[in-house]
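Chemist: Following this message is one structure expressed as structure tokens.
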Amino acid sequence: MIGIVDYNMGNLASVINAFEIIGANIAVESNPNKLKNYDKLILPGVGAFGDAMEHLQSNKMDEAIKEYASSGKPLLGICLGMQLLFESSQEFGDHKGLGVIEGAVVPFDESRFDHKLKVPHMGWNEVFQVNSEQGTENSKLFAGLPSDFYLYFVHSYHVECDDKYTIGKTYYGYEFTSAVNKDNIYGIQPHPEKSHENGLKIIENFINL
């Protein structure tokens, strides 16, 4: 059974639909005491980092997610959900994250862009697979996908972390980390649930971890 964390941040319909297409056994969960009952966990999210953390903290869902992350069972953060896995964010002030992966969420630095681009970064862009220091093989999350493939992005902030956690990078004005893995914890900045065949393959790979 796969649990999708519901903490009132974003429409879960597209995430639920994508997992149902694959045939996954899923449930939407808003009770932090029940997270431990799931074999795998999805942390989705759309919106502002600070608001999301307030929602998670309001019923101690933040502590339940951290406990789950330490259980060894697979956890996947999507978009804002990925960013929440990190220690901090600079979005509309300084905010503390879940801290289950070392690193920070920062705004796109437009002074580094090689040409004028719009922020937020919105639309289809390539993810380039990276062999992290955790192993010489590509991530199991991207099994069956080519070395670079397109996914759908919508974000104004991105993660900065040690390359040993990076399993995917994307170029938008400059190169940034777009997918991560630390032990049983995975995160992906684009939306696999909105990314057609490539996104469904990632979801299928997560189900099969």
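Table: residues versus (1) crowded, with 20+ Cβ neighbours inside 10 Å; (2) of a type outside the set (A, V, I, L, M).
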position: Met61; (1), (2): yes, no
position: Tyr68; (1), (2): yes, yes
position: Leu76; (1), (2): yes, no
position: Gly81; (1), (2): yes, yes
position: Gly93; (1), (2): no, yes
position: Ile101; (1), (2): yes, no
position: Phe128; (1), (2): no, yes
position: Leu151; (1), (2): yes, no
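Chemist: Among the residues in region 153-173, are any polar (S, T, N, Q), in contact with a Lys or Arg (Cβ under 7 Å, 6 or more places away or on another chain) and within 22 Å of Lys116 (Cβ to Cβ)?
Modeler: Filtering region 153-173 for residues polar (S, T, N, Q) gives 156, 166, 170.
So of that shortlist, the ones also in contact with a Lys or Arg (Cβ under 7 Å, 6 or more places away or on another chain) come out as none.
No, there is no match, as no residue in region 153-173 is polar (S, T, N, Q), in contact with a Lys or Arg (Cβ under 7 Å, 6 or more places away or on another chain) and within 22 Å of Lys116 (Cβ to Cβ).
Chemist: Working carefully through the options Ile101, Ile78, find the one that is under 23 Å from Glu204 (Cβ atoms) and among the β-branched types (Val, Ile, Thr). Step through it out loud before you land on a result.
Modeler: Details: Ile101 fails: under 23 Å from Glu204 (Cβ atoms).
Unique residue meeting the criteria: Ile78.
Chemist: Pairs only if they're at least six apart or on different chains, beta carbon under 9 angstrom, first in region 195-209 and more than 14 Å from Asn17 (Cβ to Cβ), second buried (at least 19 other Cβ atoms within 10 Å of the Cβ) and of a type in the set (Phe, Trp, Tyr); list them, first residue then second.
Modeler: Lys201/Phe142; Ile202/Phe142; Asn205/Phe142; Phe206/Tyr186; Ile207/Phe19; Leu209/Tyr186
Chemist: Can you tell which of Gly47, Gly93, Gly10, Gly77 is assigned to a strand (DSSP E or B) and touching a Gly at 6+ places or on another chain (Cβ under 9 Å)?
Modeler: Numbers: Gly47 fails: assigned to a strand (DSSP E or B); Gly93 fails: assigned to a strand (DSSP E or B); Gly10 fails: assigned to a strand (DSSP E or B).
The conditions single out Gly77.
Chemist: Counting only residues that are outside any helix (DSSP H, G or I) and either β-branched (Val, Ile, Thr) or surrounded by fewer than 19 Cβ atoms within 10 Å (Cβ to Cβ) (or both), how many does region 25-39 have? Let's see the steps before the verdict.
Modeler: At the first step, the residues of region 25-39 found to be outside any helix (DSSP H, G or I) are 25-31, 38-39.
Checking the rest, the ones that are also either β-branched (Val, Ile, Thr) or surrounded by fewer than 19 Cβ atoms within 10 Å (Cβ to Cβ) (or both) come to 25-28, 30-31, 39.
Residues that pass the stated criteria total 7.
Chemist: Pairs please, first residue from region 28-54 and in contact (Cβ under 8 Å) with a residue 60 or more places away in the chain, second anywhere and charged (D, E, K, R) and surrounded by 17 or more Cβ atoms within 10 Å (Cβ to Cβ), Cβ atoms under 6 Å, 6+ apart in sequence or on different chains.
Modeler: Phe49/Glu91
No lab work stands behind these numbers, since they all come straight from the coordinates. Only a predicted model underlies this, so the values are computations on that prediction, with no experimental measurement involved. Methodologically, a virtual Cβ is constructed for each residue, glycine included, from the backbone with ideal geometry; neighbour enumeration extends over all protein chains shown.
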